[in-house]
Amino acid sequence: MASILRSVMMLALLFHAVVTEAEAQTRLEVVAWNIESSDSNADSVAERIRALDGVDLWGLSDVDPADQPTLQRGAGIGEGAFFHGVIGQTGGNARLLIIYDVIRFDLIELQELNELNDRSLSHRSPLVARFLDRESGREFLFMVNHLARVNAVLRLEQAFRLKKWAAEQTLPVVAVGDYNFDWNVKNGEANHDLGYDLLTDDGAFEWVRPDSLVATQCSVNFSGLPDCRFDSVLDFVFVSGLAKHWPATSEILVRSGDFPDDSLSSDHRPVKASFQIPLVAVDLKSDLLARLVALEAEIAALRRTAEQLP
């Protein structure tokens with residue numbers, strides 16, 4: 001009971017605190033892109049990356065490890081920063097890659113979550129980087145995923161495991177990638193893959209949804225003809241934990257002639273998201289929310305104890 005009273009008193013103090021810089025925040029821009037290394041040209045993809053100015057973090061999927069240096073150079077040209085990449089070990093020649101600004105971010109830890117993959121590790125295990133953002137003073141997790149396409153059962157298992165994983169995290173999470181959820185552009189609320197519902201169940205993840213939806217993939221069939229049957233979104237940016245409270249917008253990046261004529265580039269479109277991250281020193285809202293979560297858990301435990309009394 002004493003700890004609950006202390007928490008209530010602290011919340012009251014926080015509500016009455018005067019913080020002159022309460023609006024101070026920093027901008028974070030991320031891009032998710034399935035670059036389809038097997039069917040694209042690395043130099044062409046790197047040129048597209050170079051043309052997208054101001055991106056701090058890249059979450060790329062279907063990356064041939066041999067293309068990593070080319071892609072890193074593309075991310076750094078014209079940015080006034082040095083970009084480094086970390087690549088996953090699963091997925092053969094179609095792996096997951098995170099490229100980040102080493103001046104802004106300190107990579108504290110890198111994990112490849114093989115426990116969320118199939119037993120054979122033939123698919124791509126989620127790649128998770130724990131960063132310290134020197135601009136905001138905040139630590140967060142940046143995750144890249146590419147869920148199974150053909151194996152629908154595995155895709156649903158992956159989505160469910162990701163949801164459980166998110167519930168165990170204490171840091172903000174930004175999760176990007178090709179999720180293969182087939183969110184229909186016209187009526188996605190009623191027409192999408194069950195994996196989306198499993199991932200977002202109980203608010204574990206929230207989609208940073210673009211204001212305007214267009215298809216994010218258009219392939220070429222075995223006859224060399226355009227195959228754009230699926231008018232749907234496959235590529236997403238999700239947030240979990242305190243990252244759900246960061247103001248954010250996203251956009252599916254459309255370039256003239258990208259579908260289906262650009263044979264040198266990927267048959268997926270990049271998805272860009274912009275976040276406003278409150279500085280740690282003035283992040284009253286996040287502090288309050290975190291304390292409220294802890295207080296609610298303590299009250300619930302106290303209630304259960306009281307109900308068990310004779």
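The values are calculated or read from the model by the stated rules, or taken from the named source; none is laboratory data. Computed from a predicted model, the values in this text were never measured in an experiment. Virtual Cβ from ideal backbone geometry, glycine too; neighbours counted across all protein chains shown. Accessible surface areas use protein heavy atoms only, side chains included; no ligands, DNA or RNA. Shrake-Rupley method; radii C 1.70, N 1.55, O 1.52, S 1.80 Å.
Some observations on this one:
- Residue check for Asp62: at pLDDT 95 or above, touching a His at 6+ places or on another chain (Cβ under 8 Å) and either among the hydrophobic types (A, V, I, L, M, F, W, C) or crowded, with 16+ Cβ neighbours inside 10 Å (or both): yes
- Per the conditions (1) part of a strand (DSSP E or B); (2) of a type outside the set (A, V, I, L, M); (3) surrounded by 22 or more Cβ atoms within 10 Å (Cβ to Cβ), the sole criterion not satisfied by Gln158 is (1).
- Subset of region 87-123 that is open to solvent by 20 Å² or more (accessible area, probe 1.4 Å) and of a type in the set (A, V, I, L, M) - its residue that is modelled with the lowest pLDDT: Leu121
- Of all residues in region 73-84, those satisfying the criterion of being touching a residue at least 12 places away in the same chain (Cβ under 8 Å) and surrounded by fewer than 20 Cβ atoms within 10 Å (Cβ to Cβ) are Arg73, Ile77, Gly78, Glu79, Ala81, Phe82, His84.
- Scanning region 32-47 for residues that are in contact with a helix residue (DSSP H, G or I) (Cβ under 8 Å, 6 or more places away or on another chain) and either surrounded by fewer than 23 Cβ atoms within 10 Å (Cβ to Cβ) or basic (Lys, Arg) (or both) yields Ala42, Asp43, Ala46, Glu47.
- Yes/no for Leu147 being under 27 Å from Glu251 (Cα atoms) and either in contact with a helix residue (DSSP H, G or I) (Cβ under 8 Å, 6 or more places away or on another chain) or of a type in the set (Val, Ile, Thr) (or both): yes
- Pairs where the first residue, in region 270-295, is farther than 30 Å from Asp178 by Cβ and among the acidic types (Asp, Glu) and the second is at pLDDT below 65 and assigned to a helix (DSSP H, G or I), C-beta under 9 Å, 6+ apart: Asp287/Leu14
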